[in-house]
Each structure stands twice: as C-alpha cells, then as structure tokens.
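Shown next, in structure tokens, is the structure this report addresses.
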Amino acid sequence: MDELTKYFREAVAGSPPSRIDLDGLIAVDRQRRRQRAWTLTGAGMAAAVAAVAVPTLVAGPGPGGMALPPMSSGSGDTLLCAAPIPLVSGPEPSSQTYDTVRVRPTEPSEAGVPRLTAALRAALAGTVPTNLTVTGAVPECDRPQFAYEPPYRQYETIATLSRDGRRSHLRVTVYPTPADANADCANAPDGRNCEVWGLGDDGVAMLSTSTDPAGGTLRWVQLMRVDGTSVTITVGNLLYGDTGSADLAAREALLTSQELVELARAPGLTLYP
C-alpha cells in the first residue's frame, strides 16, 4: 500500500459514506503519473491534491520538478519571490508527450511565469470577495505565484484562502489542451454532480462539486479555451493534509463555482498571448 492509498484509507476510516469514488480517484491518478500529466486536472484531481498537501520543500528546482522563477526587479503584481517550491513526493516523472489542439506554445517559462502570475493576481483581486484573504501556500512567499513544471509542460500554483480563521486551498493549473480532450464531465472528480457551460468566445467550462467523507466541499472547474489553453481550478479543504490543522479547515470551499469560472476566464491566463 503506497502513501497515497494510506492517506485516503485513514481519511475515510469511521466516516460516513462519501460521494467520491476514492478507489477510482487513486487508480486514475496512478495512471496519470505513468502516462499523461494533463489528466492531473481530471479524474485524479482529488488524489493528486492530497499528494501535494504534504510537500517536500526545496530551495531550488530538482530534476523534473518545478522550475524556480527568477527574482524580478518589478513591483506589485510582477514581483516574484524566490520561495521554496513544493514537489510531489515519489519517483520523478519522465517528460510527458501528448498531442495538443494547437502547436505547442513557444514562450519560455522565464517569461511565462511572471506574465501568468501577474494575470492571476489581477484576476484574484477582481474576483475574490473582499472578506477573503489570499496568500501563497509556500513559506517566504506571501502572494500566489506560478511555477513551471517541465515534465508536465504546465504552470501551477497553490494558494491559501482565509476567512474568520478558517482556511481553504486554491489550486490553479494552466496547460495546453490535449488533442483528445473532450468538453464533458468524464474527468470531473464527481461526474455525478457536474455541469457543462458554454461560454461563447471564452470556450467551454466543466463544473463539479464533491463532498469528502467528513463533509468538506471540493469545487472543481476546468475551462477549455478556444485558443487551445486549458485552465483547471480547484478549491476546498480536501487539499489540506497532515500539514494543515483540521480545526482550521473551512467546511465550505470559500469560493463558489461561478467565482472559479470567472477566475478561469481571466484574459491573461492563456499560453498563447
């Protein structure tokens, strides 16, 4: 039994029945790690976020890990911090290859990280309610910022939402849309509770809400933009693991599905600027 399976078995022990198919989530996440990184945003999401909830913090990028963004001389939304980056534990994945709906973006990650970080921070400022506080989820970096994951050819960040002493995690991933991706609920954490929204020129969004064994809420949105970029956003206390106090975890997800859709639609969250 690996650590991921052990984590979920302990989480559900003695709890009421869950709406989430844990065995299915674990199996799909294992397949994602062996084959394609883009499915991290699909059916294996709940398992994947649990895996990164107990991160290994490093001072710089390891082989196949997240690329540490350089320090920026800018200010405000363009200022980056050289903070430790969380890496998923276990064997380092090989570089993933898959066909995309458009030719792959050619923007170097050194430019993509600050550009996408600025776009995300602006989107958060315009979407997140004023009674919520958004902070970075790694030490020494109090604002959310993207990191580039070379094996998966995607950008990702994890942030913490706080209100009245209760916390929830927010995860945002930006990646090229796979050629065989479909605008449906097949990859949702809970396909039984999922909707598909047509957003016109912004593309198609899939929205799903799941409930964990202890009654917590996980919201998931995946936007397939018409330009060939996909954006997946997840929020909820399922992202808290051994490093987070259960007493501080918010029972609700702190952001609505509509707010997640608005974040995903932010014009700057694209790989084809």
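Values computed for the structure shown
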| item | result |
| --- | --- |
| Residues residue 258 and residue 182, FRET efficiency given R0 of 25 Å [Cβ-Cβ distance, rounded to 0.05] | 0.65 |
| Potential lengthening between residue 131 and residue 201 on full extension [0.36 nm per residue; Cα-Cα distance subtracted] | 22.1 nm |
| Charge dipole (debye, nearest 20) of the stretch 138-265; +1 at Cβ of Lys and Arg, -1 at Cβ of Asp and Glu | 140 |
| Counted charge near residue 170, where neighbours are those whose Cβ lies closer than 11 Å (Asp, Glu -1; Lys, Arg +1) | +2 |
| Sequence-distant residues sharing a close amide H with residue 216 (under 5 Å, placed H) | none |
| Convex hull volume per residue in cubic angstrom - Cα atoms of the stretch 109-265 | 125 |
| Extended-chain gain in nm, criterion 0.36 nm per residue less alpha-carbon gap, residue 166 and residue 103 | 18.4 nm |
| Exposure rank, largest accessible area first [166, 121; 1.4 Å] | 166, 121 |
| Rounded accessible area of residue 164 (nearest 10 Å², 1.4 Å probe) | 150 |
| Area of residue 226 that stays accessible when all protein chains are in place (1.4 Å probe, Å², to 10) | 110 |
| Probe 1.4 Å - accessible area at residue 109, Å² to nearest ten | 30 |
| Label-point separation, residue 122 to residue 193 (7 Å along Cα→Cβ), nm | 3.5 |
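The values are calculated or read from the model by the stated rules, or taken from the named source; none is laboratory data. This structure is a prediction, so every number in the text was calculated from the model and none was measured. All Cβ positions, even for glycine, are placed from backbone atoms using ideal geometry, and neighbour counts span all protein chains on display. Accessible surface areas use protein heavy atoms only, side chains included; no ligands, DNA or RNA. Shrake-Rupley method; radii C 1.70, N 1.55, O 1.52, S 1.80 Å.
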